Amino acid sequence: MDAHDIFKKLTRGTNLNLKKAIQVQQTKVPTTPIKNEPTSEESIQPSRGKKKLSKMRLAALKQEEACLIGLILDHFKNQSTFLHIKYTEIITYTQCCYTYSPQVNHLRNQERISVTGPNIPDPLRTFEDLKSVYGLSTVLVNNLLHSGYTSPTPIQSQAIPLMLQGRQLLACAPTGSGKTAAFLVPVFHHLGRPKHSGIRAVIVSPTRELARQTLRECQRLSEGTALRCHLVKKAPTVARSSNQYAVPKCDVLITTPNRLVYLLKQDPPAVSLTSVEWLVVDESDKLFESGAKGFRDQLATIYNACDSTTLKRAMFSATSTPDVARWARKNLTDLALVTVGHRNSAAEQVEQELLFVGSEAGKLVAFRNLVHQGLKPPVLVFVQSKERAKELFTELIYEGINVDVIHADRTQLQRDNVVRSFREGRIWVLICTELMGRGIDFKGVNLVVNYDFPTSAISYIHRIGTRSAKLHKYKYILF
């Protein structure tokens, strides 16, 4: 035998016996215990006995599987309707989550709407969709039209359908984009008619000026619905022996955090929030700030007092912070996030100008030059502190300018009169602190001057957004 024959024998392999392989595979199939389980004595019988035993096992398995399938079919024979409903719900949810028509995508891209969350409804195209699709009353739609809106703004087109579905919402859109109407309209629709069950909606604003502005919008949009809106103007002293609430009966309560917490901490509490269905937080990033200037502790107290099982929350702001988004994702179920435009960016229709003045004294010189060049009122001037506001007011009053100032040291009556005079055109130049930097819409403002540089980008965005909701173009100068 040569080397070639030895190599041939080593590499020729083995023959395959199909019958034997099938029998081995059948003995390795895992089976469930059956009544005819072999004993230890049977397991050592010759190979012929093993073959007969495996056939018996297979027959028993087939009979057991047939019985099980029959039971399942008999169980669901009378539940075909249930199976059909479940299948339809799954298909509908999948279509809503993952299939959007090209027209809807084009509309969102055109309006620069970014939305996150499951089962997002299509944005509104016209206010008539509110009546035809969501069943809003003609009174509410007409109030929207009479408020100056001819078509839904980007935040309204997406936020209103979400809140009408009862979704919890975190929305971010520029100041003056119609956020107030975006949350008031669905809240009014859900409340329907007045009831005697107590307060059913609470709107929390960081400042009294913003709360008063919300009240005006609330009264305008609720006209003809008989819904009662109330603003907590001051925290009254409540008699301990009295069981009467200091807040009159109303459907919508508008307040600042400190005043509402004061009422809740009375003994007994001067207000009850157990029947609240909607809790709306305006300028949520400010209210979530911690520290002396923030309202995080007060907001926690308000959240705990609203213990209704049907409570829904909505948070709106012109800027967004990671803390607010993180809290919302962790604590709110069925959450939807809506952003209009680039997050934390200034409005595009504003002409921004950076004016170099050389020194601190150069700021007053530059402002006087603006006056001599022909200042077109109304004008807003932002400073960093109330002391700076008083100093600038003293300097400008001698220039013969129709100017006034608003800051925290002035009484509430004085602040209300100043804001009213500025809105009516009796004051041309209004000097204000950060107090007026959030959420206030002044119609027709032509110039905003940052006399003092803002301390943060968030503050800059809020100052630059203090203008009308009709997207009025104006100029912004930063010294």
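Of the residues that make up segment 356-372, is at least one surrounded by fewer than 17 Cβ atoms within 10 Å (Cβ to Cβ) and under 29 Å from Leu215 (Cα atoms)? No; the residues of segment 356-372 include none that is surrounded by fewer than 17 Cβ atoms within 10 Å (Cβ to Cβ) and under 29 Å from Leu215 (Cα atoms). Given the criteria touching a His at 6+ places or on another chain (Cβ under 8 Å), at pLDDT 90 or above and in the same structural domain as Ser317 (by TED's automatic domain parsing), does Ile199 qualify? The answer is no for Ile199. In segment 221-238 there is at least one residue matching the filter, namely being at pLDDT 90 or above and closer than 14 Å to Val276 by Cβ.
Taking the stated definitions as given, is Gly148 assigned by TED's automatic domain parsing to the domain that holds Ala325, in a loop (DSSP other than H, G, I, E, B), at positive phi and crowded, with 21+ Cβ neighbours inside 10 Å? No; evaluated as a whole, the condition is false for this residue. Among the residues of segment 308-347, those that are charged (D, E, K, R) and closer than 23 Å to Trp278 by Cβ comprise Lys312, Arg313, Asp323, Arg326, Arg329, Lys330, Asp334. From the list Tyr398, Tyr303, the lone residue that is closer than 23 Å to Leu210 by Cβ, out of contact with any helix residue (DSSP H, G or I) (no Cβ under 8 Å at 6 or more places or on another chain) and not hydrophobic (A, V, I, L, M, F, W, C) is Tyr303. Scan segment 109-145 for residues that are at pLDDT 90 or above and in a helix (DSSP H, G or I) and the total you get is 13. Per the listing Val357, Val365, the residue uniquely farther than 21 Å from Arg112 by Cβ, touching a residue at least 60 places away in the same chain (Cβ under 8 Å) and not assigned by TED's automatic domain parsing to the domain that holds Leu191 is Val357. Note on segment 300-335: residues that are more than 19 Å from Cys172 (Cα to Cα), touching a residue at least 12 places away in the same chain (Cβ under 8 Å) and out of contact with any strand residue (DSSP E or B) (no Cβ under 7 Å at 6 or more places or on another chain) amount to 6. Apart from one condition, Gln219 fits all of (1) touching a strand residue (DSSP E or B) at 6+ places or on another chain (Cβ under 9 Å); (2) crowded, with 20+ Cβ neighbours inside 10 Å; (3) assigned to a helix (DSSP H, G or I); the exception is (2).
Which strands (runs of 3 or more DSSP E) does segment 342-449 wholly contain that include 1 or more residues that are at pLDDT below 85? The qualifying strands (runs of 3 or more DSSP E) are 351-354. Considering each residue of segment 182-200 in turn, at least one proves to be part of a loop (DSSP other than H, G, I, E, B) and within 26 Å of Ala328 (Cα to Cα). Out of curiosity, is Thr175 under 17 Å from Val340 (Cβ atoms), modelled with pLDDT under 95 and outside any loop (DSSP other than H, G, I, E, B)? No; evaluated as a whole, the condition is false for this residue. Sub-9 Å Cβ pairs linking a first residue in segment 118-135 that is assigned by TED's automatic domain parsing to the domain that holds Ile160 and over 13 Å from Met163 (Cα atoms) to a second residue that is acidic (Asp, Glu) and surrounded by 17 or more Cβ atoms within 10 Å (Cβ to Cβ), at least 6 apart or interchain, are Asp129/Asp122; Val133/Asp122, ordered by first then second residue. If you go through segment 222-232 and pick out every residue that is part of a strand (DSSP E or B) and either of a type in the set (Phe, Trp, Tyr) or in contact with a Cys (Cβ under 6 Å, 6 or more places away or on another chain) (or both), you end up with 2.
For segment 293-321, which residues satisfy the criterion of being surrounded by fewer than 21 Cβ atoms within 10 Å (Cβ to Cβ), hydroxyl-bearing (Ser, Thr, Tyr) and not in a loop (DSSP other than H, G, I, E, B)? Passing the criteria: Thr301, Tyr303.
The values are calculated or read from the model by the stated rules, or taken from the named source; none is laboratory data. The shown structure was predicted, so the numbers you read here are calculated from the model rather than taken from an experiment. Heads up, the Cβs are rebuilt from the backbone with ideal geometry, glycines too, and the neighbour counts pull from every protein chain shown.
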